[in-house]
1. Using only the alpha carbon atoms of the range 120-220, find the Kirkwood hydrodynamic radius as the inverse mean reciprocal pair distance, in angstroms to one decimal.
2. Give the shape of the range 37-168 as rounded, prolate or oblate, defined through the alpha-carbon gyration tensor: a ≥ b ≥ c are the square roots of its eigenvalues, a/c under 1.5 means rounded, and otherwise the shape is prolate if a/b is larger than b/c and oblate if not.
3. Name the residue, out of I65, I201, I29, whose mean-square fluctuation peaks in a Gaussian network model built on the chain with Cα pairs under 10 Å.
4. Of K2/K117; K2/K101; K50/K75; K2/K75, which ones are farther than 19 Å apart at the Cα?
5. What does the charge dipole of the range 30-138 about its Cα centre add up to, to the nearest 20 debye, if the Cβ of each Lys and Arg holds +1 and the Cβ of each Asp and Glu holds -1?
6. Tell me, Kirkwood radius of the chain from alpha-carbon pair distances, in Å?
7. In debye, nearest 20: dipole of the chain around its Cα centre with unit charges on the Cβ of K, R (+) and D, E (-)?
8. How much net charge surrounds G210 when only other residues with a Cβ under 14 Å from its Cβ are counted (Lys, Arg +1; Asp, Glu -1)?
Amino acid sequence: MKIILLGPPGAGKGTQAKSISNNYSIPHISTGDIFRKNISERTPLGIEAKKYIDRGHLVPDELTIDIVKDRLIEKDCDNGFLLDGYPRTVNQAEALEIMLKERGEKLDTALLIKVPKEFIIDRMTGRRVCTTCGASYHIKYNPTKIAGKCDICGNFVIQRDDDTEETVVERLDIYDAQTQPLIEYYTNKNLLSEVDGTQAINDVFKNICGILGAINSDNN
Ligand code: AP5
Ligand code: MG
Ligand code: ZN
């Protein structure tokens, strides 16, 4: 399947992406994770991206689109992919459509995880992420089994630099201004599906499986 995940920062895109990717055997591609890896390796891309990410701003389209282009041509994307955090602007969505058209492919769905703002600050400030595999935890809602260590790979979990309350507020404003228009964009293309992201993590996943199962059988 070819899926994109939409939703505000903290909606649970990364959390659900791990399970969807396992269930459908498709790669989980998070532009945020790609930027963070480049930042930790101090690559030229990482140094440039950090200037924007630390302020809660979007990395410019011309950098972001090329990263996704390069990633989607890798072999593991032949049977589909799950994009998490891309597209985030109408420009990026149009670029994705062109990339897929050139391969004779199209998206199966743009899945919006809906979570109202009042949930977000609490989710973000309590989030802990694995420095190695990118898994996301929450000190209250999804704690690691051993304090400070990732359940999957055993490496350290840390707080992200951009998970301060001030930056989260900025990221929410940017989401409203630049990413929210994608809801209308994909509605007009009959590709939008929605899940209530305020439920417990496992319940959100069950609903997602129901939605994706129905789309998959319609498209086959
Ligand atoms: P990115 O890493 O994509 O951040 P984001 O979109 O702000 O989303 P988050 O990762 O913060 O949230 P999430 O929805 O994945 O939530 P999670 O599952 O972790 O991007 C970071 C930055 O990179 C951007 O600000 C931008 O600068 C740049 N960037 C990235 N892509 C870009 C692009 N395409 N264009 C330009 N710039 C780009 O969950 C959050 C917390 O809630 C966790 O603690 C989790 O355990 C908990 N949680 C999850 N689900 C539930 C639940 N159902 N109940 C209770 N708690 C839950
Ligand atoms: Mg994420
Ligand atoms: Zn890990």
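1. Details: mean 1/r = 0.0622 Å⁻¹.
When all Cα pairs of the range 120-220 are included, the Kirkwood radius is 16.1 Å.
2. Numbers: a/c = 1.63, a/b = 1.57, b/c = 1.04.
Prolate, because a/c is 1.5 or more and a/b exceeds b/c.
3. Judging by the Gaussian network model, the answer is I201.
4. Working: K2/K117 28 Å; K2/K101 13 Å; K50/K75 29 Å; K2/K75 14 Å.
In this structure, K2/K117; K50/K75 exceed 19 Å between Cα atoms.
5. Working: 18 positive and 19 negative charges, 104 e Å.
So the dipole magnitude of the range 30-138 works out to roughly 500 debye.
6. On the way: mean 1/r = 0.0563 Å⁻¹.
Here the Kirkwood hydrodynamic radius works out to 17.8 Å.
7. Working: 28 positive and 33 negative charges, 132 e Å.
It works out to roughly 640 debye.
8. Numbers: positive: K206; negative: E194, D196, D203, D218.
Cβ neighbours under 14 Å give a net charge of -3.
No lab work stands behind these numbers, since they all come straight from the coordinates. In this text, all values refer to a predicted model and were calculated from it rather than measured experimentally. Virtual Cβ from ideal backbone geometry, glycine too; neighbours counted across all protein chains shown.
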